[in-house]
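Q: Got a structure here, written out as structure tokens. Questions coming.
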Ligand code: HEM
């Protein structure tokens, strides 16, 4: 058995509940029973900052009835995410929240098994595949945008969520918009909503019931389509995955694996990109000089659509994308569970401890970022290169073994949207407006981000 297989075996043996004996670690467990749960939901950033000020970069706490450690800073990010010793399980940390709805998705796989599946999935994220997704995304996004209302306020968050769902049905699944795509989107939304449900029993009328019904619908829908997709030479993501083989040309994914991966990928891609584009538009509406700058960059290409080779030419757009992800990483915290005793900077982390790193906290550390609360995309320019002090100081996509496999996809989709949007529209918010943000479980504007757009 090699190291990875041994780690996988240990992860599978972990008890259902995480370690509770953390007496030797600074911190407190908050209120009886509920611990810090309410503060976590109300003011996550404040909770972490207070913990750091009182106890230092590693401290214990209690959220949603689970005791665990918060580990702060780029060094901790590297230790946990890079996981050179193969001691941190992603599956054991995410499964309690996601296993019923997103069974055996890539993030819920560990070590040797994860490596194998990740290699196969990687095929659908290579340059030729990404270029072909762009071909269908360009006209679809432009068409969708032309239906947005001008001259009156609307919720950007709701509008982009719905547009990305429609684009996703085509890019991921190869579906034409129509009743079938609508049904798939509704099942998917029910499933995503259920991932936040507290009551997890299938009682008709509950969010959980609707979510599990959505899951079963998608399972059948995907499974029925697989033979057709395997035989097709379609350029959608689903077809790519059905044809994926490893480098030796031997291994392929089973029907069940494809179905599970597809359902998880839709989930991993959708709300994260919705959140990112909302943060970008929030920043651009409040900083119109950056809208002008990006618009000029797009117009300088002299084209009516974006191709893969244009992406790297969009320097200012890349900085804006990175800066929005720095200020509002969609996943502000990332959990793992230790499969055996380990040690970080002299602190013993017992087997089965739930640990969480906090990208959001690292993204505001004054040691790494000048004036971190300010929207300042040029901090990513080669001249300033503020992001280059530590490899793990900017981690909206995580890092190491489980680093987001869709990061290029997210960037190209965001750029295509911004290209069509800013060339044709000016976006504004009410004077002095600043969105009230919900940070956990996913960063999003609580009020839906009311904006007004004007056709140029
Ligand atoms: C800006 C948008 C996105 C953000 C901020 C984001 C963020 C993340 C983060 C932080 C992780 C690591 C989680 C962990 O280590 O536990 C992750 C993993 C993942 N993401 Fe993304 N993501 C985005 C878009 C996407 C898209 C568009 C896709 C698919 C097309 C995708 C697919 C995945 C998958 C499959 C994983 C699991 C990777 C693994 O376990 O090896 N993500 N993402």
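The values are calculated or read from the model by the stated rules, or taken from the named source; none is laboratory data. Bear in mind that the values here come from a model prediction, so they are computed numbers and not experimental data. Please note: Cβ atoms are built from the backbone with ideal geometry, for glycine as well, and neighbour counts cover all protein chains shown.
Conditions tested, residue by residue: (1) modelled with pLDDT under 90; (2) assigned to a loop (DSSP other than H, G, I, E, B).
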position	(1), (2)
7	yes, no
10	yes, no
17	yes, yes
24	no, yes
29	no, yes
40	no, no
60	no, no
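Q: Do we find a residue being within 15 Å of the ligand (Cβ to nearest atom), at positive phi, modelled with pLDDT of 95 or more and buried (at least 17 other Cβ atoms within 10 Å of the Cβ) anywhere in region 382-398?
A: Scanning region 382-398 turns up at least one residue that is within 15 Å of the ligand (Cβ to nearest atom), at positive phi, modelled with pLDDT of 95 or more and buried (at least 17 other Cβ atoms within 10 Å of the Cβ).
Q: So is residue 266 under 24 Å from residue 196 (Cα atoms), within 13 Å of the ligand (Cβ to nearest atom) and at pLDDT 95 or above or not?
A: no
Q: Filter region 100-133 down to residues that are outside any helix (DSSP H, G or I) and away from the ligand (no atom under 11 Å from the Cβ) and give me whichever is nearest to residue 87 (Cα to Cα).
A: The selected residue is 104.
Q: Also, quick follow-up: Could you look through region 168-208, keep only residues that are part of a helix (DSSP H, G or I) and free of Cβ contacts under 8 Å to residues at least 12 places away in the same chain, and pick out the one that is surrounded by the fewest Cβ atoms within 10 Å (Cβ to Cβ)?
A: Top of the filtered list is 179.
Q: May I pose another question? I'd like to check something: does region 225-237 contain any residue that is in a helix (DSSP H, G or I), in contact with a helix residue (DSSP H, G or I) (Cβ under 9 Å, 6 or more places away or on another chain) and within 16 Å of the ligand (Cβ to nearest atom)?
A: Within region 225-237, one or more residues are in a helix (DSSP H, G or I), in contact with a helix residue (DSSP H, G or I) (Cβ under 9 Å, 6 or more places away or on another chain) and within 16 Å of the ligand (Cβ to nearest atom).
Q: Residue 155 fails exactly one of the following numbered conditions: (1) over 22 Å from residue 406 (Cα atoms); (2) surrounded by fewer than 20 Cβ atoms within 10 Å (Cβ to Cβ); (3) modelled with pLDDT under 95. What is the number of that condition?
A: Of (1) over 22 Å from residue 406 (Cα atoms); (2) surrounded by fewer than 20 Cβ atoms within 10 Å (Cβ to Cβ); (3) modelled with pLDDT under 95, only one is false for residue 155: (3).
Q: Only one residue in 48, 87 is under 30 Å from residue 407 (Cα atoms) and touching a strand residue (DSSP E or B) at 6+ places or on another chain (Cβ under 6 Å). Which one?
A: The conditions single out 87.
Q: Restricting region 299-358 to residues that are part of a helix (DSSP H, G or I) and more than 16 Å from the ligand (Cβ to nearest atom), which is nearest to residue 283 (Cα to Cα)?
A: Looking at the filtered set, the residue picked out is 316.
Q: Could you go through region 240-258 and let me know if any residue there is within 29 Å of residue 440 (Cβ to Cβ), touching a residue at least 40 places away in the same chain (Cβ under 8 Å) and touching a helix residue (DSSP H, G or I) at 6+ places or on another chain (Cβ under 7 Å).
A: Checked against the condition, which is being within 29 Å of residue 440 (Cβ to Cβ), touching a residue at least 40 places away in the same chain (Cβ under 8 Å) and touching a helix residue (DSSP H, G or I) at 6+ places or on another chain (Cβ under 7 Å), region 240-258 yields no hits at all.
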